[in-house]
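J.: Got a structure for you, questions after.
Every number in this text was worked out from the coordinates using simple rules, so none of it is lab data. Please read these numbers as outputs of a predicted model, since none were measured by experiment. All Cβ positions, glycine included, derive from the backbone under ideal geometry; neighbour counts span all protein chains shown.
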């Protein structure tokens with residue numbers, strides 16, 4: 001299987017107020033802009049109040065600050081993968 005070569009990438013910053021479902025909702029708009037590949041900020045458990053997520057403290061857990069969107073974690077990721 002040949003790997004897709006990204007033509008245009010876009011990074012989404014996940015926060016307690018912007019989760020996976022929010023990201024998935026943006027996919028059609030970003031696709032219209034010509035974005036071919038998305039990536040997100042880290043979503044594993046980071047220090048409380050982290051604004052970027054790169055200060056991960058537990059690689060086995062999702063960030064609890066995304067609790068409102070953890071249910072959307074699977075559905076949001078599945079939607080992004082299908083689009």
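J.: Would you mind ranking 22, 60, 17 by Cβ crowding within 10 Å, fewest neighbours first?
T.: By the 10 Å Cβ count, ascending: 60, 17, 22.
J.: For the residues 58, 21, what sequence is obtained by ranking on other C-beta atoms within 10 Å, fewest first?
T.: The most exposed by this proxy come first: 58, 21.
J.: Stretched out fully, how many nm does the piece from residue 57 to residue 5 gain, at 0.36 nm a residue minus the Cα gap?
T.: 15.5 nm
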